[in-house]
Structure formats: structure tokens, C-alpha cells
Amino acid sequence: MFIQVLQGPTSDAEGLRARLDGWVQEHGSSVTGWLGTTAGVTADGVFVAAVRFADEAAARRNSDRPEQGDWWAATEPLFDGPVTFHDYRNVDVLLGGGSDDAGFVQVIQGTYTGDGSPAMSADDAAALSALRPDVIGGTVGWDDDGHFTQVVYFTSEEEARRSERAMGEDDEARARLERFLAEVENVEYFDLGEPWFA
């Protein structure tokens with residue numbers, strides 16, 4: 001899998017939603033290798049989209065289509081500032097990947113500074129599933145320089161917040177979180193309270 005993440009400030013969430021819906025209706029079925037998109041706008045007006053492709057070649061073919069250039073030319077003015085793009089060739093799928101059943105999505109970005117592979121082991125995934133039944137899937141894209149974007153799908157924001165509080169009272173869960181935080185820096189969280197799926 002290959003994931004492209006784009007993000008930028010906007011004051012026109014509805015306009016961006018309409019542009020994404022239009023892309024799906026007009027182009028989605030004709031773009032070979034496009035697997036899906038998760039997007040949304042945070043409460044403070046940051047748009048984030050994670051676009052999944054079968055591989056990098058499929059993403060490049062889409063970017064090179066004249067129709068895609070036209071679509072982007074009409075979409076870019078809906079942003080209030082620069083749009084940032086991150087391309088991830090190395091992708092981990094957590095608990096089966098994303099889910100359109102999610103009621104809440106959190107996007108976490110940062111830079112991994114630890115030794116060895118940052119990928120979640122099977123044991124870690126099993127522990128996460130047992131500890132956080134509100135987590136129903138996720139993906140993590142990794143850059144060669146350690147930068148990552150993790151997209152986590154939750155049953156609901158209410159259940160996610162409740163589980164977060166419970167984790168703070170669990171010694172093992174707190175230790176796992178502390179180990180993770182010790183190996184990352186420049187961490188940012190983007191909460192999508194009303195996620196869009198395509």
C-alpha cells in the first residue's frame with residue numbers, strides 16, 4: 001500500500017467536502033489502484049486527508065492525469081494557506097486497517113527517533129486490541145527519515161476519550177505509552193470528529 005497525506009488550513013470545510021465527493025463521483029471508479037480516502041477538518045480548521053493507493057505507481061498515474069490537475073486547480077483555492085503533502089511508501093496496517101464504520105478518527109504525526117523498526121509487532125497489536133476495544137483499525141505511513149502519519153479509527157469520540165482516561169489508570173498501558181513517547185518527537189494530533197470516507 002502507498003498513502004499520500006495532504007493537509008492545510010481551511011475555512012470552507014463544506015466546500016472541500018463537496019470537492020472530494022465530486023472527485024469520487026466523477027473519477028473514483030476510473031482511477032486504477034485507488035483504495036480509498038479518509039478525510040476531515042479539525043475543530044480549528046485544519047483539513048487532513050489520507051489517500052490510499054495499491055502502490056506508488058498507481059498514485060503517480062493518478063497525479064499525472066490531466067483531470068487530476070484540473071480538479072486540484074479548482075480545489076486549492078479553498079485552502080487558506082499552504083498545503084503540505086507527505087508520501088509514504090512504507091505502510092503498516094493495524095487491526096485490519098481503516099474502517100468506514102468509525103465515528104471518530106485521530107491523525108497523529110511526528111518523527112520516530114528510536115532504534116530498530118518502528119512497526120507495531122503482532123503482540124503489540126493484540127495488546128492494543130484487548131486494551132482498546134474502541135480502536136477498530138488504523139494505518140501508519142513511515143518516511144525514511146522517521147517522519148510518520150498514523151491514522152487511527154475509533155468507534156466514537158466518547159468511547160475513545162473514556163478509554164484514554166482508563167489507560168491512565170492502567171500501569172502497563174501507561175508504560176507502553178511512555179515508551180512510545182520516549183521514541184518520538186514533534187508529535188501533533190489532528191482530531192476528525194466528523195470523518196469523511198470514500
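Descriptive notes on the structure:
- Applying the condition of being within 23 Å of Asn186 (Cβ to Cβ) and in a helix (DSSP H, G or I) to the stretch 129-167 and asking which residue is modelled with the lowest pLDDT yields Met167.
- Residues that are open to solvent by 20 Å² or more (accessible area, probe 1.4 Å) and among the hydrophobic types (A, V, I, L, M, F, W, C) were ranked within the stretch 7-22; the one that is nearest to Gln68 (Cα to Cα) is Leu20.
- Hits in the stretch 39-83 (condition: within 28 Å of Gly103 (Cβ to Cβ), open to solvent by 30 Å² or more (accessible area, probe 1.4 Å) and without any contact (Cβ under 8 Å) to a residue 40 or more places away in the chain): Asp44
- Here Gly96 qualifies as closer than 30 Å to Glu159 by Cβ, open to solvent by 30 Å² or more (accessible area, probe 1.4 Å) and more than 12 Å from the chain's Cα centre (by Cα).
- Set Thr75, Thr113: member being of a type in the set (Ser, Thr, Tyr) and modelled with pLDDT of 95 or more: Thr75
The values are calculated or read from the model by the stated rules, or taken from the named source; none is laboratory data. Note that this is a predicted model, so its numbers are computed, not measured. FYI the Cβ positions are ideal-geometry reconstructions off the backbone, even for glycines, and counts take in every protein chain you see. Side chains included, ligands, DNA and RNA excluded: accessible areas come from the protein's heavy atoms. Shrake-Rupley method; radii C 1.70, N 1.55, O 1.52, S 1.80 Å.
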